[in-house]
1. Looking only at residues in the stretch A:170-197 that are small (Gly, Ala, Ser) and modelled with pLDDT of 95 or more, which one is surrounded by the most Cβ atoms within 10 Å (Cβ to Cβ)?
2. Go through the residues of the stretch B:59-68 one by one and say whether even a single one is within 16 Å of DNA strand C (Cβ to nearest atom), without any contact (Cβ under 8 Å) to a residue 12 or more places away in the chain, surrounded by 19 or more Cβ atoms within 10 Å (Cβ to Cβ) and within 9 Å of chain A (Cβ to nearest Cβ).
3. With respect to residue A:53, is the statement that it is within 14 Å of DNA strand D (Cβ to nearest atom), of a type outside the set (D, E, K, R), closer than 25 Å to residue B:54 by Cβ and touching a helix residue (DSSP H, G or I) at 6+ places or on another chain (Cβ under 8 Å) true?
4. Name the pairs whose Cβ atoms lie under 7 Å apart, with the first residue in the stretch B:9-36 and under 15 Å from residue B:51 (Cα atoms), the second at pLDDT below 90 and within 8 Å of DNA strand C (Cβ to nearest atom), and 6 or more positions between them or separate chains?
5. Of these, A:251, A:336, A:329, A:291, which one is within 13 Å of another protein chain (Cβ to nearest Cβ) and surrounded by 21 or more Cβ atoms within 10 Å (Cβ to Cβ)?
6. Determine which member of the set B:322, B:283, B:317 is within 18 Å of residue A:288 (Cβ to Cβ) and either in a loop (DSSP other than H, G, I, E, B) or in contact with a His (Cβ under 9 Å, 6 or more places away or on another chain) (or both).
7. Does residue A:89 satisfy the criteria of being touching a residue at least 12 places away in the same chain (Cβ under 8 Å), closer than 21 Å to residue B:96 by Cβ and part of a helix (DSSP H, G or I)?
8. Which members of the stretch A:286-303 meet the condition of being in contact (Cβ under 8 Å) with a residue 24 or more places away in the chain, over 17 Å from the mean Cα position of the chain (by Cα) and part of a helix (DSSP H, G or I)?
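The values are calculated or read from the model by the stated rules, or taken from the named source; none is laboratory data. What you see is a predicted model, and the numbers here were worked out from it, not measured in a lab. Cβ sites come from the backbone with ideal geometry, for glycine too, and all protein chains shown count toward neighbours.
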Number of protein chains: 2
Amino acid sequence: MNMEPINLKKLASLLHLSISTVSKALRDSHEISADTKKRVMDLARELNYEPNPYAGSLRKFKSKTIAVIVPDIINNFFIFAIKGIQEMAHARGYHVLIYITNENPEYEKDVVRHMTNGRVDGVVISLTSPIDDTEHLQALQEKGLPIVFFDRVAEAFGNSSIITTNNYESAYSGTRYLIEQGCKRIAHCQVSDKISIGIDRLQGYKKALEDSGIAVRPEWILTSRKDYMHDTALIEQTLLQKDAPDGLFTSVETHALIAYDICRKHQIDIPGQLKLLSFSNMPTAHLLKPSLSTITQPAFEIGQAAVQQLILALEKPARYVPEKINIDSILVKRESTAK
Amino acid sequence: MNMEPINLKKLASLLHLSISTVSKALRDSHEISADTKKRVMDLARELNYEPNPYAGSLRKFKSKTIAVIVPDIINNFFIFAIKGIQEMAHARGYHVLIYITNENPEYEKDVVRHMTNGRVDGVVISLTSPIDDTEHLQALQEKGLPIVFFDRVAEAFGNSSIITTNNYESAYSGTRYLIEQGCKRIAHCQVSDKISIGIDRLQGYKKALEDSGIAVRPEWILTSRKDYMHDTALIEQTLLQKDAPDGLFTSVETHALIAYDICRKHQIDIPGQLKLLSFSNMPTAHLLKPSLSTITQPAFEIGQAAVQQLILALEKPARYVPEKINIDSILVKRESTAK
DNA sequence: GTGAAAGCGCTAACAC
DNA sequence: GTGTTAGCGCTTTCAC
């Protein structure tokens with residue numbers, strides 16, 4: 001069953017050539033005669049020769065492999081981002097190792113720490129750990145491993161590229177839109193108060209309220225603990241209090257779905273009693289009852305851009321200048337925010 | 001920036017020990033004194049020593065890496081399956097390379113062919129290529145690389161484990177359920193007529209019709225070309241013909257969503273004029289308008305089981321017997337099939 | 001234009 | 001209990 005492996009040695013002996021000649025021929029070196037090249041290539045193809053990637057990696061300290069580290073994979077944003085990442089990576093000849101941290105900062109650290117061993121050439125990451133806790137990332141930098149952040153980023157990392165959407169502006173205009181639709185009491189559900197997007201979006205929300213002369217009510221800024229039970233209880237309690245919000249702006253689609261469930265359970269009418277707007281890449285947003293108004297991120301493009309930056313850092317380090325790339329989101333108005 | 005790498009040689013010279021002693025100490029060999037072990041371990045920890053995985057892989061012909069190859073990642077089934085795969089793999093100390101073939105058989109072949117080079121120890125795959133076209137998989141087997149199939153499988157591969165749900169029975173009982181709900185003219189939309197799940201589910205559908213004395217109408221067996229435009233046109237045309245179906249049973253959630261869009265566009269009432277049932281793992285099924293009745297696969301568990309089988313094959317080849325594992329789906333009745 | 005040899009970091013068989 | 005050595009498959013000088 002287990003055939004003898006085809007390696008350079010084998011090819012060389014079959015062709016009565018030296019290993020180094022075969023190696024050069026396969027990489028189309030100009031040192032080698034056209035005739036020899038052809039003989040080598042033909043036999044290699046015939047025997048389905050595949051170079052051992054680890055031998056090459058060991059020699060060259062390059063693995064042609066990148067890691068993508070994401071907090072979760074249920075959120076459609078990450079699904080499309082991963083799709084963009086892997087398409088771009090494969091197109092450029094890179095392999096993609098996937099790590100899902102399940103919103104667990106300790107696990108994220110663990111994963112990142114083990115990245116320093118040369119398994120990957122670089123890392124594309126959307127953070128789950130607080131922005132002020134980036135020691136583990138520092139270690140990567142010190143090892144010379146390029147990192148590209150997307151979505152949930154660490155701004156402090158001066159020499160890493162950062163790909164995001166216009167979080168502040170989107171949250172601002174989303175909130176303004178809710179106000180235009182008649183909302184006076186808008187709650188905001190943020191994914192975390194220690195993560196870039198949480199902070200940026202909250203700022204946009206606050207500024208929009210201020211600009212409209214509406215006071216910010218701290219008790220209506222809900223902070224997720226990334227725990228379904230907790231988040232459900234938090235949102236439920238907020239929506240059921242007297243003088244409840246008439247608008248809810250959620251930062252991730254999971255919370256919008258929780259809100260739907262709560263509203264059904266307690267017969268809160270959307271958009272009559274509560275208008276709902278969420279950052280979301282859900283393909284079913286338009287089919288929900290009521291259809292969900294969304295701020296939709298260009299997730300696929302963000303993933304692609306992240307890999308492009310990473311590969312630039314890997315392959316043209318001299319020409320690489322870390323960039324902050326923004327790709328705008330789109331506000332899609334649907335029934336959940338209708339007047 | 002780029003610190004000198006820490007390797008065994010470095011540790012050895014720092015400790016005035018030989019490389020092999022250090023190597024053994026780190027792997028807690030009984031040959032080494034407790035004292036030396038402690039010295040070695042302490043320094044390794046202090047310097048954040050991380051063994052070079054490729055050096056080890058080169059020596060041991062084991063990469064502790066598996067590949068997961070899936071046709072797409074939009075379908076929620078695959079998302080949950082990937083989650084199960086990666087969780088189980090990481091728990092067992094394996095890394096996961098991800099390949100999305102975008103339903104392109106040629107690309108799948110390409111990917112699979114390049115798996116023979118030792119980059120991965122084994123492969124978990126859900127096929128996009130026709131069941132009778134498995135030459136590329138044969139090559140893997142011959143190289144001694146274990147393969148585990150899940151969902152879209154190649155039954156012919158006698159010595160590979162296969163993890164599926166009870167496709168035939170689920171399709172049978174789903175179709176029976178539509179009949180019980182009053183449907184007399186049920187169309188079936190299959191993902192492919194050359195893929196295991198397509199065939200199994202179609203059989204279940206046909207048998208259910210036969211058992212109820214309803215004639216199978218070939219023109220109501222719709223076969224996807226995995227092309228959005230084509231599939232939309234096909235379904236639309238079927239739903240708009242006179243004497244149109246009063247029930248539609250789709251094999252993947254994408255087609256159910258297409259059906260929703262078509263019904264909205266042409267004001268076909270679900271479930272009044274058309275009852276809709278689909279295999280699906282959509283988290284929003286219960287929130288759609290109308291809510292979607294689904295046959296939901298235990299995707300996460302299927303992914304986990306696949307990796308468990310693969311690791312068994314890798315680590316206990318002597319004890320490994322390829323298995324056909326079935327994990328039942330659940331029929332969830334919702335509004336889209338109401339009487 | 002071709003080949004010999006060193007070495008990437010690690011493990012394991014074999015000294016001592 | 002510790003050290004020496006060969007070698008995994010490949011690339012890359014450097015000879016010839």
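1. Taking the stretch A:170-197 as the starting set, the residues that turn out to be small (Gly, Ala, Ser) are A:170-171, A:173-174, A:182, A:187, A:192, A:196.
So of that shortlist, the ones also modelled with pLDDT of 95 or more come out as A:170-171, A:173-174, A:182, A:187.
Numbers: A:170: 21, A:171: 28, A:173: 17, A:174: 26, A:182: 13, A:187: 23.
Selected residue: A:171.
2. Restricting attention to the stretch B:59-68, the residues satisfying the condition of being within 16 Å of DNA strand C (Cβ to nearest atom) are B:59-65.
Filter once more, so that each one left must be without any contact (Cβ under 8 Å) to a residue 12 or more places away in the chain: B:59-60.
Those left that are additionally surrounded by 19 or more Cβ atoms within 10 Å (Cβ to Cβ): none.
No, that holds for no residue.
3. Values: within 14 Å of DNA strand D (Cβ to nearest atom): yes; of a type outside the set (D, E, K, R): yes; closer than 25 Å to residue B:54 by Cβ: yes; touching a helix residue (DSSP H, G or I) at 6+ places or on another chain (Cβ under 8 Å): yes.
Yes: the conditions hold for residue A:53.
4. As it stands, the answer is B:24/B:31, since those pairs meet every condition given.
5. Details: A:251 fails: within 13 Å of another protein chain (Cβ to nearest Cβ); A:329 fails: within 13 Å of another protein chain (Cβ to nearest Cβ); A:291 fails: surrounded by 21 or more Cβ atoms within 10 Å (Cβ to Cβ).
Result of the check over A:251, A:336, A:329, A:291: A:336.
6. Numbers: B:322 fails: within 18 Å of residue A:288 (Cβ to Cβ); B:317 fails: within 18 Å of residue A:288 (Cβ to Cβ).
Result: B:283 is the single residue among B:322, B:283, B:317 that is within 18 Å of residue A:288 (Cβ to Cβ) and either in a loop (DSSP other than H, G, I, E, B) or in contact with a His (Cβ under 9 Å, 6 or more places away or on another chain) (or both).
7. Values: touching a residue at least 12 places away in the same chain (Cβ under 8 Å): yes; closer than 21 Å to residue B:96 by Cβ: yes; part of a helix (DSSP H, G or I): yes.
Yes.
8. Within the stretch A:286-303, the first condition is being in contact (Cβ under 8 Å) with a residue 24 or more places away in the chain, and the residues that meet it are A:286, A:288, A:290-303.
Adding the requirement that they be over 17 Å from the mean Cα position of the chain (by Cα) leaves A:286, A:288, A:290-294.
A:286 - this is the single residue of the stretch A:286-303 that is in contact (Cβ under 8 Å) with a residue 24 or more places away in the chain, over 17 Å from the mean Cα position of the chain (by Cα) and part of a helix (DSSP H, G or I).
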